[in-house]
Amino acid sequence: MRVLADTLARNYNKTDFILLSDLNEKAFKGVDNELVNKFETDSRKRIENIDYGEELLKVILLFSLEKNSPAATESDVFLGSFKPTAGMTLDQLSMSLENLYGNAHYLHKDDGHYSIKKERNVTALIKSEVPDVDEDDGVKPKLKDLIKKRIFDNQAYIYELETDEIPDDSQNLKFVVTLKPYGDEDQVKGELESFLREKQYENNYVFIVPKKSLLDDSDLIGKIKNICAAENLKTRVDEKIGEIEHRIKEDIEESISYIEDLYGYWIKWVPKDDSYEVSVVKKRVDPDIHEIRKAIKTDETLLKEKLLNEVKGKEGGRKIGTLLDDFKKMRKYPLVSDDNNFYNLLKKLNKEEIIIRGDRGKEYWDSDPKEEIKDSWEVIDIDFVSPPEMEEEEEIEIGQTKLGEEEPPEDLEEKKKTRRVTKSERGNSAQSIATKYEMGINEDALEGIRTVKLDIEFEELTKQELLDFISNLPDCEFVKSEIEVEEIEDQE
């Protein structure tokens, strides 16, 4: 009764009615001095900027002093502090109560019930660590870790945080995730081209951009800071480790879900009129590395068209490794999502549009290569090569005789089974033809060269040059020649 009397004496001319929040907490120190001290510490140091924070916290204190039910519901707190005539609104009180949790170190919340306890709340402990979290040394590394490891399975680079670590080579496709959207498609193009300007393999990157900037998202940065603060706290306390770890796990899962909602698009380069100039198209994609690989899979029809453009009509053909390198270097070509797509397409086109020429000049006319295609091999326009003509020779097997024939001598050597193969090459110089035959003839399997047919066009030869040319031909069993001579007509 004395507490109530003192409260009336102090407030009778200040308020229309007395609530729990009007009571003086010091009067309850005899009930639990330590608990009241915890309230006063929070009230004095940590909640002074929260509207009606002291009133709300005092109501919770008084409920916490109860032995049987030491906790207050949200309704209990509002009934013990709400004064409409003092200009309060329930919305204000609700927001202030929400802000109290985490700022008042000894305020706990369990299943919608609030109480003040003698040990600090983990949420409050973590929140007290947040101001010490550095953005460059704490937030960005943690953000990188979540995106790189937890979302993109360690198969992507973070553009803003790993620029110098992104390799420039012809190996597997590189996935690069940006933390900023960089504006519209033209602005994105400008940003990424400034990065690609220093790269050799410009078309060997896939860029993933978000819908909004992660670095400017205060909600996300707050979540990341809480994770960093909790991890820092865990290294310095001996109690509540399990609770802190649980909070870290919850905050990480929540942050991952939040980040995934912010992505995103992959950047597709679109050539303009078969030139080196390209434009940018943003293509919607989920932030999942497997879904991204499906979305960017090579367009085989377009790849076939561009590949044949590089081979058809070129007499000398193209080295496969150099051709694939060009596709990875220049964005005017379609993206090669997997080298196997490129090699498999070559096999499909072999014998129809092109011929694959492998080791030692072997041309795959009869079948596609069974072994792995090598980058040192060549692809040639099928119009510039001719299939080999084969003629089986008679096979003689030693030890077998026909009726009436004598037995063969014992020292007779077995005649090898051979075949005649016609090889045809074209070129614009004797050296180019020699090089092709050097690569195309397997000397280990060569029994002998029987016939050489040359169809040579000269710009102009003199008679003596013709005779010298014929005289320098190697010895042979038979020669048939035909020349085309331009003569001056007789004038009468």
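Restricting attention to region 97-114, the residues that are in a strand (DSSP E or B), surrounded by fewer than 21 Cβ atoms within 10 Å (Cβ to Cβ) and in contact (Cβ under 8 Å) with a residue 40 or more places away in the chain add up to 1. The residue list 35, 19, 23, 97 contains one member that is outside the structural domain of residue 241 (by TED's automatic domain parsing) and under 54 Å from the mean Cα position of the chain (by Cα), which is 97.
Results for (1) in contact with a Leu (Cβ under 8 Å, 6 or more places away or on another chain); (2) among the charged types (D, E, K, R), shown as yes or no for each residue.
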residue	(1), (2)
290	no, no
295	no, no
301	no, no
305	no, yes
317	no, no
320	yes, no
328	no, yes
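Looking across 121, 172, one residue alone is surrounded by 14 or more Cβ atoms within 10 Å (Cβ to Cβ) and of a type in the set (S, T, N, Q). It is 121. Taking the criterion of being surrounded by 11 or more Cβ atoms within 10 Å (Cβ to Cβ) and modelled with pLDDT of 55 or more, the only residue of region 391-411 that qualifies is 408. Note on region 175-199: among residues that are hydrophobic (A, V, I, L, M, F, W, C) and in contact with a helix residue (DSSP H, G or I) (Cβ under 8 Å, 6 or more places away or on another chain), the one that is surrounded by the fewest Cβ atoms within 10 Å (Cβ to Cβ) is 195. When region 362-390 is limited to residues that are in a loop (DSSP other than H, G, I, E, B) and aromatic (Phe, Trp, Tyr), the one that is modelled with the highest pLDDT turns out to be 377.
Here's the yes/no breakdown for (1) surrounded by 15 or more Cβ atoms within 10 Å (Cβ to Cβ); (2) modelled with pLDDT under 95; (3) more than 24 Å from residue 213 (Cα to Cα):
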site: 268; (1), (2), (3): yes, no, no
site: 276; (1), (2), (3): no, yes, yes
site: 279; (1), (2), (3): no, yes, no
site: 309; (1), (2), (3): no, yes, yes
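I'd like the full set of residues that are surrounded by fewer than 12 Cβ atoms within 10 Å (Cβ to Cβ), in a helix (DSSP H, G or I) and of a type in the set (S, T, N, Q), limited to region 432-476. Passing the criteria: 464, 471.
Which one of 164, 238 is under 17 Å from the mean Cα position of the chain (by Cα) and surrounded by fewer than 19 Cβ atoms within 10 Å (Cβ to Cβ)?
164
Of the residues screened, residue 119 is one that is in contact (Cβ under 8 Å) with a residue 12 or more places away in the chain and part of a loop (DSSP other than H, G, I, E, B). Give the residues of region 33-48 that are in a helix (DSSP H, G or I), of a type outside the set (Phe, Trp, Tyr) and touching a Leu at 6+ places or on another chain (Cβ under 8 Å), sorted by residue number. Result: 35, 36, 42, 43. Does residue 78 satisfy being without any contact (Cβ under 8 Å) to a residue 40 or more places away in the chain and closer than 18 Å to residue 22 by Cβ? When the stated conditions are applied, residue 78 passes them.
Can you confirm whether residue 213 is surrounded by 13 or more Cβ atoms within 10 Å (Cβ to Cβ), outside the structural domain of residue 310 (by TED's automatic domain parsing) and in a loop (DSSP other than H, G, I, E, B)? Yes.
Every residue in region 455-472 that is more than 60 Å from the chain's Cα centre (by Cα) and of a type outside the set (Asp, Glu), please. Within region 455-472, 461, 462, 463, 464, 466, 467, 469, 470, 471, 472 qualify. Per the listing 126, 147, the residue uniquely hydrophobic (A, V, I, L, M, F, W, C) and either without any contact (Cβ under 8 Å) to a residue 60 or more places away in the chain or not assigned by TED's automatic domain parsing to the domain that holds residue 260 (or both) is 126.
The values are calculated or read from the model by the stated rules, or taken from the named source; none is laboratory data. Keep in mind the model is a prediction, meaning the values are calculated, not measured. All Cβ positions, glycine included, derive from the backbone under ideal geometry; neighbour counts span all protein chains shown.
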